[in-house]
Amino acid sequence: MRIFGTSDRLFGRDAECDTLDGLLAGARSGQSAALVLRGEAGVGKTALLRYAQSQSPESLTVRGVESESGFPYAGLHRLLVPLLPRRDRLPAGQRAALEVACGLTEGPPADLYLVSLAALTLLAAKPRLCVVDDVHWLDPESARALAFVARRLHAEGVVMLFGLRTTHSQLSVEDDPGLLAGIPELPIAGLDRDAAMALLSDVVATDLDLGLAEHIADTSGGNPLALTDLGQELTEDQLRGASPLPEPVPIGSRLETHYSARVRGYPQTTRTWLVLAAAGAGGRTEQLLAAAQRLGTEPEDAAPAEADRLVAGSPPVDFRHPLVRSAVYGDAEPSHRRAVHAALAAATTEAADADRRAWHLAAATVVPDEAVAAELAGGADRAGARGGHAARATFLTRAAELTPDPATRAGRQVQAAGAAMIAGAHSRALMLLDTVDESLLTGTGRGEALLTRASASVNSGVPHGLRDASAMSLAAAEAFGDDQDRARLALIKAIEHDTTAEHLNGTSARDIAAAARRLAGSDPADVDGLLLAGYAAFITDGYTSGIPALRRAVAAIADPDLPDEKLLARFILGINFCNMTWDEVTKQSLIERAEAAARRTGALHALDIVHFIGAMTGAVLGRLTEADRHDAAGQRVRRAIGITTEQEQIWRHPELVAWRGPADFRPTVPHALQIFEMLHMGGMHAVTRLSLAVLDNAVGDYAAAKEGLLTLVDLGRPRRYAWALPDLVEAALRSGDRQTAKQACADLDLAAHASDTPRALALLDRSRALLASPEQAERHYQAAIDRFTGTLSHGDLARAHLLYGEWLRRRRRRRDARTELGTALEMFSEVRADAFAGRAERELAALGESVRSLVPETDDAALTPQEASVARLARAGATNAEIAANLFLSVSTVDYHLRKVFRKLGVASRRQLRDALDD
């Protein structure tokens, strides 16, 4: 049993220590690990963390401090102080973001993930232990950055340990459910009876009654902090069993009450010094001493608390346990706390400490005071400038509480909600908006409130959020009035929500289009104006007139000179417009450029969207290998930002799954449709139904496919889902409904000629072939195959060969049919499109062919998706550092993967990768 030190005896923690020893041993062999130690107050998390530090030759430590939890990146800055002199080795974007976040320079607001990547690069430069205790009191930005680092560790020899209190977590599960997701946890419970009695016996200096020891061990729950305190505080009579024990035994939350009672017995000057130390934690020593002088106290007044081992050091003051600090501060009279904060504010005069001074002033103020509110608002602006949106929301919320003018107060409440929404605290944003007296808002304020409520409602999963988001955004545009820039932005948001909700939207697309047309303008270089005009033309005027306007908007977004920020902001609309115009080439270019821009700027949420759309696009085109790459990359990004596997399930790609045709897909569709309908996600609802129809066509259930597709299209008025028409032609004809097939083909003719893209015209030829006479059909099949050849439409081309082969077989041209069906089977098998491959196999079997599955067998030496990504960039000439920045990894992890790639492929250099690695 491990026992070390006087204050850190680890009784009964062999299993936990063995776990930590194993992680540290792995680090010595180059393996990284992360672990969250979670337990209630006093169970020994900190002792275990100190044990790990005692076993590690190099470690960095930071501890969350409650008084600093409102200052963005404060905890991360303290942790990285020893490493900041090496920041010149960081990539330029990471270095700039880190310097802004830490207040070392001025610049654009720091992106959280660029800061996180900078921290990863610095921390992973050499093997070390990184300890983050009291995570619940870290500022949100630091907590998220360090959690990101922990999820990206792999082969650097770095171990990250987090200490988190179970019963007092400031980390809002509601606002950030994925904060520590993906990081393994080690629950720390109380000691068992034997270990608890051993600890108690060690602490007690006199004889201890055995029965009493068992009773204390049981009633304390084995809490080491409670056992230690009881052992030192109980009288000899109590220890012998002659006097009763205090009831209830102070454990868990009762420990804080226990400490409060102790502090109340101290002299007033001692209590003042302790409250000052608790309120001023993290501040400068000279500020603490100056405030003490104003309050008539001094460090020597801490003597009674030092004698009781509650504090040490004067100053800085080290509280024995965070519960002691909480007890001291929480038990003080409100007037006493305000006086202490007023003294600290008066002593905090340095410009660099303006935020701390503002917070102390706020804590010292009871009645509304515009001067104090203005200082808090200034602190909010500074926090926002460093990328600390959660801190900005906190500062503005308190500023609003202290604002005497009702209209100004309402404006600050709206600003606080907006900051919370940007920080990802969507539920908090909605709660803040619910406190606003909307009658006091100006047009601009009302518009901002509506836009924030729309976005927060959608992102927090409010059942009718997406249904109502377009209406709220449209109302915001009207509220902005003559402020055309804001009004147009609101309309862009309305269009984005409409293209997501689609048929489940609560607002008429024509109403949005009418407003968009009024504000579009006529500047040919205005991207947003072209977007508004394109949407308005398509919705109001239909395919023939709308396509040219959409094409102009797409060209503006595809402009190579468009800044990264603008590209990512308008990416989704650009993709939707490409879908409407059947422009696969521009869409693929947008996906590639947006992926590069998101990686370059560290915009991981945007990168997740890019990969999601990339997977969907690859699947629609039957380029399933490319879809798999995006899907795997998207999963890695989601794990990095803390989205759990359970949360991911709703985003399973139905269009990709449909090509594969697994047996478990069809039973999941009703549940998925129910979720999408509940959330008013009309786009995903429609894509899922279309995917099921594609699978129905693949397996020959044409009647079901027709029924599903008819819910997506409005025959006679081709709109968004004109690209479902080719499947409807096939399904209707094969199910005996030639009239519907002809109507669908007529709509497809209109849409394809308006779009005038190779894919649209090829699909038209393929559909015409199905309806054509025997004398005309072959010409259309061959024309379709010729048009598809050389395009991105791998799946469409394979299906053209399949349909042509089926037609040839029925015309008794067996040899020609074998050729076409064999080509189709090979193309389907190449990308593991099992559903359609099965249909091709059945056709070949009907010709008497002995069909051998062409689906590649699993190769143990095959590269993993991560290895393939590293290899692809290395083959292109990227350095390890460049690969690390591109894939959000450490350089050590890149080196680890590259060595595995070389071994699997049997090469020894990057140059040899060019010949050994296939796309």
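The values are calculated or read from the model by the stated rules, or taken from the named source; none is laboratory data. The structure displayed is predicted, hence computed values, not measured ones. Ideal geometry is used to build each Cβ from the backbone, glycine not excepted, and the neighbour counts take in all protein chains shown. With ligands, DNA and RNA removed, areas are computed over all heavy atoms of the protein, side chains included. Shrake-Rupley method; radii C 1.70, N 1.55, O 1.52, S 1.80 Å.
Are any residues in the range 560-589 closer than 16 Å to Ala760 by Cα, of a type in the set (Ser, Thr, Tyr) and surrounded by fewer than 21 Cβ atoms within 10 Å (Cβ to Cβ), and if so, which ones?
Scanning the range 560-589 gives a single hit, Thr586.
Step by step: first the residues of the range 271-321, then only those that are under 44 Å from the mean Cα position of the chain (by Cα) and acidic (Asp, Glu), then the one that is surrounded by the fewest Cβ atoms within 10 Å (Cβ to Cβ). Which residue is that?
This residue is Glu286.
Within the range 19-35, track down each residue that is over 23 Å from Gly221 (Cβ atoms) and part of a helix (DSSP H, G or I).
Matches in the range 19-35: Asp21, Gly22, Leu23, Leu24, Ala25, Gly26, Ala27, Arg28.
For the range 303-327, give me each residue that is assigned to a helix (DSSP H, G or I) and out of contact with any strand residue (DSSP E or B) (no Cβ under 6 Å at 6 or more places or on another chain). Lay out the reasoning, then the answer.
Step one: filter the range 303-327 for residues assigned to a helix (DSSP H, G or I), giving 303-307, 322-327.
Passing the criteria: Ala303, Pro304, Glu306, Ala307, Pro322, Leu323, Val324, Ser326, Ala327.
Pick out, from the range 603-714, the helices (runs of 4 or more DSSP H) lying fully within it that include 2 or more residues that are of a type outside the set (D, E, K, R), in contact with a helix residue (DSSP H, G or I) (Cβ under 6 Å, 6 or more places away or on another chain) and closer than 20 Å to Asn579 by Cβ.
Passing ranges, in order: 604-620, 624-640, 654-660, 682-699, 702-710.
Filter the helices (runs of 4 or more DSSP H) completely within the range 506-589 down to those with at least 3 residues that are closer than 30 Å to Phe788 by Cβ and without any contact (Cβ under 8 Å) to a residue 24 or more places away in the chain.
Working: elements: 509-519, 527-541, 543-557, 564-569, 571-581.
Qualifying helices (runs of 4 or more DSSP H): 543-557.
Restricting attention to the range 909-919, and to residues there that are open to solvent by 50 Å² or more (accessible area, probe 1.4 Å) and farther than 30 Å from Ala118 by Cα, which single residue is modelled with the lowest pLDDT?
Restricting attention to the range 909-919, the residues satisfying the condition of being open to solvent by 50 Å² or more (accessible area, probe 1.4 Å) are 910-912, 914-915, 918-919.
The next check asks that each one be farther than 30 Å from Ala118 by Cα; those that pass are 912, 914-915, 918-919.
Numbers: Gln912: 81, Arg914: 76, Asp915: 75, Asp918: 63, Asp919: 54.
The selected residue is Asp919.
Given the conditions (1) in contact with a strand residue (DSSP E or B) (Cβ under 9 Å, 6 or more places away or on another chain); (2) surrounded by fewer than 24 Cβ atoms within 10 Å (Cβ to Cβ), and given that Thr349 satisfies all but one, which numbered condition is not satisfied?
The number of the failed condition is (1).
Can you name the residue in the range 212-234 that is assigned to a helix (DSSP H, G or I) and open to solvent by 40 Å² or more (accessible area, probe 1.4 Å) and, of all such residues, is nearest to Arg262 (Cα to Cα)?
Of the residues in the range 212-234, the ones assigned to a helix (DSSP H, G or I) are 212-219, 224-233.
Subset that is open to solvent by 40 Å² or more (accessible area, probe 1.4 Å): 214-215, 218-219, 232-233.
Numbers: Glu214: 25, His215: 23, Asp218: 24, Thr219: 21, Gln232: 13, Glu233: 11 Å.
Applying the filter and picking the extreme gives Glu233.
When Val366 is evaluated against the numbered criteria (1) assigned to a helix (DSSP H, G or I); (2) more than 31 Å from the chain's Cα centre (by Cα); (3) among the aliphatic types (A, V, I, L, M), which criterion, by number, is the only one it fails?
(1)
For the range 330-349, give me each residue that is in contact (Cβ under 8 Å) with a residue 40 or more places away in the chain and out of contact with any Phe, Trp or Tyr (no Cβ under 8 Å at 6 or more places or on another chain).
Answer for the range 330-349, where residues must be in contact (Cβ under 8 Å) with a residue 40 or more places away in the chain and out of contact with any Phe, Trp or Tyr (no Cβ under 8 Å at 6 or more places or on another chain): Gly330, Asp331, Ala332, His336, Ala339, Val340, His341, Ala343, Leu344, Ala346, Ala347, Thr348.
For every residue, the table says whether it meets (1) over 25 Å from Val585 (Cβ atoms); (2) open to solvent by 80 Å² or more (accessible area, probe 1.4 Å).
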position	(1), (2)
Leu802	no, no
Gly805	yes, no
Arg812	yes, yes
Ala817	yes, no
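Looking only at residues that are under 14 Å from the mean Cα position of the chain (by Cα) and charged (D, E, K, R) in the range 129-146, which one is farthest from Arg78 (Cα to Cα)?
Ranking the candidates gives Arg144 first.
Looking at His605, His680, His671, His611, which one is open to solvent by less than 40 Å² (accessible area, probe 1.4 Å) and either among the β-branched types (Val, Ile, Thr) or modelled with pLDDT under 90 (or both)? Don't jump to the end; show me each part of the working.
On the way: His605 fails: open to solvent by less than 40 Å² (accessible area, probe 1.4 Å); His671 fails: open to solvent by less than 40 Å² (accessible area, probe 1.4 Å); His611 fails: either among the β-branched types (Val, Ile, Thr) or modelled with pLDDT under 90 (or both).
Exactly one of His605, His680, His671, His611 is open to solvent by less than 40 Å² (accessible area, probe 1.4 Å) and either among the β-branched types (Val, Ile, Thr) or modelled with pLDDT under 90 (or both), namely His680.
Does Gly178 satisfy the criteria of being open to solvent by less than 70 Å² (accessible area, probe 1.4 Å), in contact with a helix residue (DSSP H, G or I) (Cβ under 9 Å, 6 or more places away or on another chain) and modelled with pLDDT of 80 or more? First the steps, then the outcome.
Details: open to solvent by less than 70 Å² (accessible area, probe 1.4 Å): yes; in contact with a helix residue (DSSP H, G or I) (Cβ under 9 Å, 6 or more places away or on another chain): yes; modelled with pLDDT of 80 or more: no.
No, not satisfied.
Within the group Pro91, Pro85, which residue is over 24 Å from Ile188 (Cβ atoms), modelled with pLDDT under 90 and either open to solvent by 20 Å² or more (accessible area, probe 1.4 Å) or small (Gly, Ala, Ser) (or both)? Steps first, please.
Working: Pro85 fails: modelled with pLDDT under 90.
Among Pro91, Pro85, only Pro91 is over 24 Å from Ile188 (Cβ atoms), modelled with pLDDT under 90 and either open to solvent by 20 Å² or more (accessible area, probe 1.4 Å) or small (Gly, Ala, Ser) (or both).
So, in the range 684-728, exactly how many residues are open to solvent by less than 10 Å² (accessible area, probe 1.4 Å) and either of a type outside the set (A, V, I, L, M, F, W, C) or under 27 Å from Ala509 (Cα atoms) (or both)?
Result for the range 684-728: 12.
Among the residues that make up the range 886-906, is at least one of them modelled with pLDDT under 85, part of a loop (DSSP other than H, G, I, E, B) and either surrounded by fewer than 19 Cβ atoms within 10 Å (Cβ to Cβ) or over 30 Å from the mean Cα position of the chain (by Cα) (or both)?
yes
Is it the case, given these coordinates, that Asp523 is within 33 Å of the chain's Cα centre (by Cα), at negative phi and of a type outside the set (A, V, I, L, M)?
Working: within 33 Å of the chain's Cα centre (by Cα): no; at negative phi: yes; of a type outside the set (A, V, I, L, M): yes.
Answer is no for this residue.
Taking the criterion of being touching a helix residue (DSSP H, G or I) at 6+ places or on another chain (Cβ under 6 Å), without any contact (Cβ under 8 Å) to a residue 60 or more places away in the chain and open to solvent by 40 Å² or more (accessible area, probe 1.4 Å), would at least one residue in the range 101-117 satisfy it?
Yes, the range 101-117 has at least one match.
List every residue pair whose Cβ atoms lie under 7 Å apart, where the two residues are 6 or more positions apart in sequence or sit on different chains, the first residue falls within the range 192-215 and is within 17 Å of Gln232 (Cα to Cα) and of a type in the set (D, E, K, R), and the second residue, located anywhere, is assigned to a loop (DSSP other than H, G, I, E, B) and open to solvent by 30 Å² or more (accessible area, probe 1.4 Å).
From residues that are within 17 Å of Gln232 (Cα to Cα) and of a type in the set (D, E, K, R), the pairs are Asp202/Arg9; Asp209/Gly241.
Considering only residues that are assigned to a helix (DSSP H, G or I) and free of Cβ contacts under 8 Å to residues at least 12 places away in the same chain, look in the range 730-746 and name the one that is nearest to Pro718 (Cα to Cα). Write out each step before concluding.
Going through the range 730-746, the residues assigned to a helix (DSSP H, G or I) turn out to be 730-734, 738-746.
With the extra rule that they be free of Cβ contacts under 8 Å to residues at least 12 places away in the same chain, the set shrinks to 739, 746.
Values: Gln739: 17, Ala746: 10 Å.
This residue is Ala746.
Of the residues in the range 463-503, how many are in contact with a helix residue (DSSP H, G or I) (Cβ under 8 Å, 6 or more places away or on another chain), more than 25 Å from Thr688 (Cα to Cα) and not hydrophobic (A, V, I, L, M, F, W, C)?
Within the range 463-503, residues that are in contact with a helix residue (DSSP H, G or I) (Cβ under 8 Å, 6 or more places away or on another chain), more than 25 Å from Thr688 (Cα to Cα) and not hydrophobic (A, V, I, L, M, F, W, C) number 7.
Within the range 774-794, can one find any residue that is among the aliphatic types (A, V, I, L, M), open to solvent by 20 Å² or more (accessible area, probe 1.4 Å), under 20 Å from Ala751 (Cβ atoms) and assigned to a helix (DSSP H, G or I)?
Yes, there is a match, as at least one residue in the range 774-794 is among the aliphatic types (A, V, I, L, M), open to solvent by 20 Å² or more (accessible area, probe 1.4 Å), under 20 Å from Ala751 (Cβ atoms) and assigned to a helix (DSSP H, G or I).
Give the residue, chosen from Gly424, Gly445, that is part of a helix (DSSP H, G or I) and among the small types (Gly, Ala, Ser).
Values: Gly424 fails: part of a helix (DSSP H, G or I).
From the options Gly424, Gly445, the qualifying one is Gly445.
Which condition breaks for Ala327 when tested against (1) open to solvent by less than 30 Å² (accessible area, probe 1.4 Å); (2) out of contact with any Ser or Thr (no Cβ under 8 Å at 6 or more places or on another chain); (3) within 20 Å of Ala363 (Cβ to Cβ)?
So the condition that Ala327 fails would be (2).
Just to be sure before I move on: is Arg759 within 20 Å of Trp582 (Cα to Cα), modelled with pLDDT under 95, assigned to a helix (DSSP H, G or I) and of a type in the set (Lys, Arg) in the structure I sent? Quick ask: steps written out before the conclusion?
Values: within 20 Å of Trp582 (Cα to Cα): yes; modelled with pLDDT under 95: yes; assigned to a helix (DSSP H, G or I): yes; of a type in the set (Lys, Arg): yes.
For Arg759, the condition - within 20 Å of Trp582 (Cα to Cα), modelled with pLDDT under 95, assigned to a helix (DSSP H, G or I) and of a type in the set (Lys, Arg) - is met.
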